[in-house]
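The values are calculated or read from the model by the stated rules, or taken from the named source; none is laboratory data. These numbers come from a predicted model, not from an experiment. Cβ placement follows ideal geometry from the backbone for every residue including glycine, while neighbour counts extend to all protein chains displayed. The accessibility values were calculated without ligands, DNA or RNA, using every heavy atom of the protein model including side chains. Shrake-Rupley method; radii C 1.70, N 1.55, O 1.52, S 1.80 Å.
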Amino acid sequence: MRRRLAAASVIVAIASLAIADERLTARERAWVAAGMPVVQAARARGLPIDIVVQPSDQPEASPIALGIADDRCHLVISMRGNPSADALAASIPAERFPAIVEAVFAHEVAHCWRWTQGVWHALPAGFADAADDDAQAREPEALAAMRREMREARREEAYADLVGLAWTGQAHPRDYAAVRDWLSRFRDDALPGDFHDTSAWLRLAQDPSAFGRESDPFRAAQPLWVRGLAVGDRDTDARAQHVSESNR
Ligand SMILES: [Zn+2]
């Protein structure tokens, strides 16, 4: 999740391994075991999720990412020969490991949810991407397309971060503040306006009560995500605009 995830319909070469496979490293086994409650909950909701471990060194890969292949979500773990995986592991206090790993898995599962709902890169009803404003209209087409792609990816990252926190609020309420702070620090590495600059949304989730009483983390994240779309416009380059406002 640190680097750009494998986009839907694009997945890197992978090798399937059974979860309890002795070929897994101790670190991989610990992550898969800790994340399993999230995966089982997702499967119970009917999400088609497989866990895939890349057995070869992946120095450039995101340690955990989600890809789509053969109409299934692949939660891809790339921890071998990967400095980002070492940094990720080092960033997690031992006592928070279960809660943070579940939040990370819930983040990836949220990507799967969006994809299975057929709304990947889609804005909610009532919002439009304001790619045709004056400043952007003067940009070269390639640059405008890059910005649009950046906005679309950032919105998905924001939704997934919120699902991760919604899950945390229910599964690990005592760890909520620690997980949220960890995620904020992790996201601080992102440049303003980058794919992973989800700060506008994380600020809306300072407290788990922000998610209300909805028990489904995918639904619980939705209202905050929508609110963040408007806030994010000003803070970053996320130019989603409420249609009724942009038409005034
Ligand atoms: Zn992500």
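Among the residues of the stretch 103-120, count how many are touching a residue at least 40 places away in the same chain (Cβ under 8 Å) and in a loop (DSSP other than H, G, I, E, B).
Within the stretch 103-120, residues that are touching a residue at least 40 places away in the same chain (Cβ under 8 Å) and in a loop (DSSP other than H, G, I, E, B) number 1.
Under the condition of being open to solvent by less than 30 Å² (accessible area, probe 1.4 Å) and either assigned to a strand (DSSP E or B) or assigned by TED's automatic domain parsing to the domain that holds E157 (or both), which residue from the stretch 34-63 is farthest from the ligand (Cβ to nearest atom)?
Per the stated criteria, the residue is V53.
Any idea which of (1) at pLDDT below 90; (2) under 21 Å from F186 (Cβ atoms); (3) acidic (D, E) is the one D86 doesn't satisfy?
Result: D86 passes all but (1).
When residues of the stretch 199-219 are filtered for being more than 18 Å from V38 (Cα to Cα) and either of a type in the set (S, T, N, Q) or not assigned by TED's automatic domain parsing to the domain that holds Q170 (or both), how many remain?
3
Please go through the stretch 105-131 and pick out each residue that is within 16 Å of Q170 (Cβ to Cβ) and either of a type in the set (A, V, I, L, M, F, W, C) or modelled with pLDDT under 95 (or both).
Listed by number, the residues that qualify are F105, A106, V109, A110, W113.
Scan A89, A178, A171 and give me the residue that is more than 16 Å from the ligand (Cβ to nearest atom) and open to solvent by 40 Å² or more (accessible area, probe 1.4 Å).
That would be A171, the only listed residue that is more than 16 Å from the ligand (Cβ to nearest atom) and open to solvent by 40 Å² or more (accessible area, probe 1.4 Å).
Only one residue in L75, L88, L66 is outside any loop (DSSP other than H, G, I, E, B), more than 24 Å from G46 (Cα to Cα) and under 16 Å from the mean Cα position of the chain (by Cα), so which one is that?
The unique qualifying residue is L88.
On the given criteria, is R2 assigned to a loop (DSSP other than H, G, I, E, B), at pLDDT below 95 and under 14 Å from the mean Cα position of the chain (by Cα)?
Against the criterion (assigned to a loop (DSSP other than H, G, I, E, B), at pLDDT below 95 and under 14 Å from the mean Cα position of the chain (by Cα)), R2 qualifies.
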